[in-house]
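Shown next, in structure tokens, is the structure this report addresses.
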Amino acid sequence: MKTPLAYLLPGLLSLLVACSHLSDKNAEVSVDNLKRICSTLGSDAFMGRKPFTAGEALTLNYLQEELQKIGYAPGFGDSYLQEVPVLEATSRVKGACTIALGNETIVFDAPDEIAIHAPYPAEQITIEASELVFCGFGIEAAEYGWNDFEGMDLKGKTLVVFINDPGLYTGDPSLFKGEEMTYYGRWTYKFEKAAELGAEGILIIHEETGAGYGYNVPRNSAISSHLYIDDATVWDRCKLAGWISAAAAERLFNRLGYDIEELRRQSARRAVNAFPMQASISVTLENTVVRNVSHNVAGIWKGSVRPEEAIVVAGHWDHFGIGEASRGDSIFNGAVDNATVIAWAFEIGRLIKESQIKPERSLILFFPTAEEQGLIGSAYYTAHPIVPMSQTVACFNNDIMIPRGAMNDLTIIGYGHSQLDSLFGIYADKQGRYILPDPEPESGLFFRSDHYSFYKAGVASSWALGCYDSQTHGKEWAEKTYNDFVRNVYHTPHDNYDPTWDWSGVVQDIELTCELIRYLSRADSPYPKLYK
Ligand SMILES: [Zn+2]
């Protein structure tokens, strides 16, 4: 599946030879700049950079000043800011949630048996006898020769589907990606697909192994507020979405005469087709709806030859603001998540602009909002971009860079999704580093930062950084310090700036990304292919 970079390589090699003497003269990374930007954005003054708060206004001002300082033009006409309309909805089930089966009516307890919300911009949503249709895993994937919806008209119906994808349940590595979760296994895909098919609702049958977490997670999520892009052009949601607990699903399918485990096994082998369940769901939800506007930030350095084509460097600016105190600290400073990355992006922007080799294509420094709320800013941008997605060559996004010194590895989260992997390989090799494929692909990290919005829009995108093999302290230390961070610091008030950090690993990653950008900004056929 991974084809070599056959058509890129000849050009790349000649460019390397021609430019090797020039790249020596390129400006150097300034660690002072990295520290200055990261310590500022990660300070208490920015109040945890939460969208819609005073912390947003301060962050937007700071990012604009820094873009001006390095000479980048406003990305959106005469503004560095893009308004992102956001809708916040909290759903509450009013009365009973019932499923009618022939003459019988089963009442399901919400949220303890059925965890549903109405991701819809209305204050009351009534679902009246929406026909339930069982649709296997809820997947249509041409590249795997798979279609759970074949021949079904699902308009106005409510789909009932299994979580994850067939590869997990068969253990067959030739089916999807075996036990590695594909995007088709994610609940977000299933929700979007149901909306695309015109369904009125979707219920995912929760199952702990497939979800990777207990039913309490969707249960609590269903009664919490959710943020959505408030824009009809990118609205891709059903009126009703959620989960049914494994026990409740078993009760329902037993009444229909099915053994649910057997049905899952058969579905994973495509031995069963979608079928109407001869049952219908009725429920009313009340939504508390709040409309608000947040902002993406972007600056552009115009290419000298093909300014209408661009490469994007991205890092989300938002974090969690002020929350519950832990050990006397209540400000979620998000220094590692994601102020280090914002600093990384600004230095890349400055170095490319000051390169001896002038970029022929444009470079966009992009700081999306509301990443932590579900990639909202980047999803809005890809629907309303500065440069069309078809002319966006690549997106280099990063997230959670912990400055722990120089690394031997370059870890690619979601390795195997595009030809960028091979390009990274070539340049990492020049640095004496090696590519480490995502060590935990089953956790689906690839789907959880802003490069994924670009990937979905057809652009080769990456989340790549040195992480697991320290040049000074070795692999064990690197893995331990990373895991300690994820367990004890990540998404807590303890994600603070540390003046003793060793930035040499971030410097490596900046130099590496600059090399790729210099190449892609000048190559004849630069668009790296995607793999599904
Ligand atoms: Zn992040």
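Values in this text are rule-based calculations from the coordinates and carry no lab data. Source: prediction; values computed, not measured. All Cβ positions, even for glycine, are placed from backbone atoms using ideal geometry, and neighbour counts span all protein chains on display.
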- [ ] Straight distance only, please: which aspartates and glutamates reach the Cα of LYS193 with their own Cα at less than 12 Å, same-chain residues fewer than 8 apart left out?
- [x] GLU140, ASP148, ASP236
- [ ] Take the alpha-carbon centre of segment 117-191, take the same for segment 244-273, and report the distance between them in whole Å.
- [x] 14
Task: Between 0 and 90°, nearest 10: helix 246-255 axis offset from the chain longest Cα axis - done: 40
- [ ] Specify the angular offset, from 0 to 90 degrees and rounded to the nearest 10, of the alpha carbon long axis of helix 54-69 from the longest principal axis of the alpha carbons in the chain.
- [x] 40
Task: Peptides 315-321, 370-376, 65-71 ordered by average Cβ neighbours within 10 Å, highest first - done: 315-321, 370-376, 65-71
Task: Rg/Rg_globular for segment 88-141, with Rg_globular taken as 2.2 N^0.38 Å and Rg from C-alpha atoms - done: 1.34
Open item on the list: With the crude spin-label approximation of a point 7 Å out along Cα→Cβ, what separation in nm comes out for ARG270 versus ASP329?
Closed with: 5.2
Open item on the list: Just to compare against my own numbers: the Cα pair-distance distribution for segment 233-365, 5 Å bins, whole % per bin, please.
Closed with: 2, 6, 9, 10, 9, 8, 9, 8, 10, 12, 8, 5, 2, 1, 0
Task: Taking N as its residue count, the alpha carbon Rg of segment 471-532 over 2.2 N^0.38 Å - done: 1.63
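Output the peptides 274-283, 154-163 sorted from most to least packed, where packing is the average of other Cβ atoms within 10 Å over each peptide's residues.
154-163, 274-283
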TODO: Using only the C-alpha atoms of the chain, find the volume of their convex hull and express it per residue in Å³.
DONE: 148
Task: In segment 166-226, the chymotrypsin sites (Phe, Trp or Tyr not before Pro) that fall in loop regions by DSSP, at most 11 other Cβ within 10 Å - done: TYR213
Task: Compactness index (Cα Rg / 2.2 N^0.38 Å), segment 272-340 - done: 2.11
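If I take all pairs of Cα atoms in segment 36-195, what percentage of them are more than 29 Å from each other?
Values: 6441 of 12720 pairs.
More than 29 Å apart: 51 percent of the Cα pairs in segment 36-195.
Using mean Cβ contacts within 10 Å as the protection proxy, how do 437-445, 132-140 order, highest first?
Working: 437-445: 15.6, 132-140: 24.2.
Those peptides, ordered most packed to least, come out 132-140, 437-445.
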- [ ] Write down the percent of antiparallel bridges among all DSSP beta bridges whose residues are both part of the chain, to the nearest 5.
- [x] 65
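For the pairs LYS358/LYS430; LYS353/LYS529; LYS430/LYS532, flag any whose C-alpha to C-alpha distance is greater than 23 Å. All intermediate terms of the calculation are to be shown ahead of the outcome.
On the way: LYS358/LYS430 21 Å; LYS353/LYS529 26 Å; LYS430/LYS532 28 Å.
Cα-Cα > 23 Å for LYS353/LYS529; LYS430/LYS532; rest within.
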TODO: Quick one: P(r) of segment 183-300 from all Cα-Cα pairs, 10 Å bins, percents rounded to integers, in order of increasing distance.
DONE: 10, 36, 35, 13, 5, 1, 0
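Can you give the Rg/Rh ratio of segment 117-204, where Rg is from the C-alpha atoms and Rh is the Kirkwood radius? Can you show the working numbers first?
Numbers: Rg = 13.9 Å, Rh = 13.7 Å.
My calculation of the ratio gives 1.02.
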Task: Nearest-ten-degree value, helix 340-353 long axis tilted from longest Cα axis of the chain - done: 50
